[in-house]
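The values are calculated or read from the model by the stated rules, or taken from the named source; none is laboratory data. The structure presented is a predicted model; accordingly, all values stated were derived computationally and were not measured. Cβ placement follows ideal geometry from the backbone for every residue including glycine, while neighbour counts extend to all protein chains displayed. Keep in mind that these areas ignore ligands, DNA and RNA; they rest on the heavy atoms of the full protein, side chains included. Shrake-Rupley method; radii C 1.70, N 1.55, O 1.52, S 1.80 Å.
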Amino acid sequence: MKLQFFIICLFSTLLYSQNELSGIVVDISDNSPLEFVGIYNKSDHTMTNADGRFQFYSTSDSIIIYRPGYDKISTTFQKTNDTIYLNKSVLELNEVTVTIEKTLWQKVKDSIDSNYPLYPYKEKFLLRGVLRYNGEITRIQDLQGKLERRTLLYTHEIEPDKKDFKVELTNMRKVGLVLDENDIYFIFDSFYDLFMNLIPVNATGDAFDLIESTFENGSKINLSFQTKPEFANEKVTGHYIINAKNNAIEQFKIVFEFENNPFSENEDSRYRTISIDKEISLSKSRKNQKYYIESSKYHVVIEQTDENNSYTSYYDVSFILTTSDNEGDFDVKKNVSTSKDLFKINYPYDQSFWNTQNQLLLTEEMLDFIEKVQDPNNEFKVRSNIKN
């Protein structure tokens with residue numbers, strides 16, 4: 001009896017020591033919600049959604065709140081309010097020449113082998129896809145599982161291959177309209193296409209103007225880029241945030257804006273890409289000092305019409321990827337094709353998992369959509385695996 005009593009008391013103590021925090025992170029200058037803010041400590045990690053909201057659980061009392069480009073906050077559960085304000089880091093413009101800029105980028109290239117895993121490794125992931133049609137959500141899909149990569153980055157020595165990714169899907173929820181009002185089915189990307197899109201690329205060649213700034217007392221470098229004026233039909237802007245000590249890329253953002261992009265055609269419609277926006281944050285592992293993708297977002301806007309230009313519609317699709325347990329010691333047993341349209345993948349719904357999943361919360365808009373589209377009186381054809 002004494003032993004049993006000790007075990008019960010110990011279990012109760014462990015439950016009691018679990019800290020919980022729910023809140024929202026906003027920009028202090030305009031109160032706008034901040035997405036992709038990391039809420040973490042040595043033991044646990046989560047991040048904010050598009051509403052800036054998060055839930056964080058940990059047995060440790062410490063909390064670090066950080067998004068690249070903002071001042072880091074180190075605090076505790078007890079000292080943290082449910083609304084957290086972040087300050088943008090002050091950039092100090094450096095008067096530099098193009099030669100110095102190229103030297104900086106050369107340092108980044110020279111440090112690739114030491115900063116990133118250019119070898120096979122495994123990690124766990126959560127992937128969210130959201131499709132909007134003329135501004136309204138029409139599809140939501142969350143996929144969780146294990147991923148084995150051949151490499152994080154591609155170099156001259158490492159060429160992409162269709163077998164570079166192996167995925168074991170372990171949880172999925174999806175709900176959405178099959179066709180739009182013009183009976184068009186929007187094709188989602190595959191795992192392979194997305195993983196290839198969600199890696200940093202080189203945007204520092206002769207086509208770009210570069211500006212270098214420093215912040216955090218010179219420990220970080222912001223390298224902004226923009227296409228030169230002569231590239232009129234394709235405007236590309238963005239930045240790298242580079243660690244000044246080890247020359248590692250810690251954030252990459254790039255935006256493509258296309259003017260007068262020609263239409264492509266199929267049997268049912270004509271379409272063209274209006275813009276592409278990518279944002280990738282990388283963090284350093286304490287285990288082996290390598291950098292891995294912590295979170296990334298891929299956002300595309302597509303214009304659609306017919307051969308007579310009788311209407312104009314816009315698709316707005318975004319994918320968010322978060323990873324954890326990088327270089328984890330677990331098996332990845334492939335159970336899904338990495339070349340298949342993600343929305344056509346079938347996998348059973350586990351309500352208990354999604355009820356407790358706090359890595360990336362659903363926004364209020366998403367919750368409203370799921371409730372509306374599952375109404376039995378809904379007139380549109382719906383594809384879903386969600387069971388209430």
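Brief remarks on what is shown
- Residue list for segment 185-203, restricted to those being part of a loop (DSSP other than H, G, I, E, B), buried (at least 16 other Cβ atoms within 10 Å of the Cβ) and at pLDDT 85 or above: Phe186, Phe188, Asp189, Ser190, Leu198, Ile199, Pro200
- Note on segment 22-46: residues that are part of a strand (DSSP E or B) and modelled with pLDDT of 90 or more total 11.
- For segment 345-388, the set of residues classified as free of Cβ contacts under 8 Å to residues at least 40 places away in the same chain and either of a type in the set (Ser, Thr, Tyr) or not in a loop (DSSP other than H, G, I, E, B) (or both) consists of Gln351, Ser352, Asn355, Thr356, Leu367, Asp368, Glu371, Lys372, listed by residue number.
- Qualifying positions in segment 262-311 - farther than 18 Å from Leu131 by Cβ, of a type in the set (Lys, Arg) and at pLDDT 95 or above: Lys290
- Test result for Arg173, touching a residue at least 40 places away in the same chain (Cβ under 8 Å), closer than 24 Å to Pro120 by Cβ, among the charged types (D, E, K, R) and surrounded by 20 or more Cβ atoms within 10 Å (Cβ to Cβ): no
- In this structure, Thr103 does satisfy being without any contact (Cβ under 8 Å) to a residue 24 or more places away in the chain, surrounded by fewer than 13 Cβ atoms within 10 Å (Cβ to Cβ), hydroxyl-bearing (Ser, Thr, Tyr) and over 30 Å from Asn385 (Cα atoms).
- Enumeration of residues in segment 203-226 that are at negative phi and without any contact (Cβ under 8 Å) to a residue 60 or more places away in the chain: Ala203, Gly205, Asp206, Ala207, Phe208, Asp209, Ser219, Ser224, Phe225, Gln226
- Answer from Ile112, Ile137, Ile84 - the residue that is under 25 Å from Tyr240 (Cα atoms), under 22 Å from the mean Cα position of the chain (by Cα) and in contact (Cβ under 8 Å) with a residue 12 or more places away in the chain: Ile112
- Qualifying residues in segment 331-360 (those that are touching a Lys or Arg at 6+ places or on another chain (Cβ under 7 Å) and open to solvent by 30 Å² or more (accessible area, probe 1.4 Å)) - the one nearest to Val175 (Cα to Cα): Tyr349
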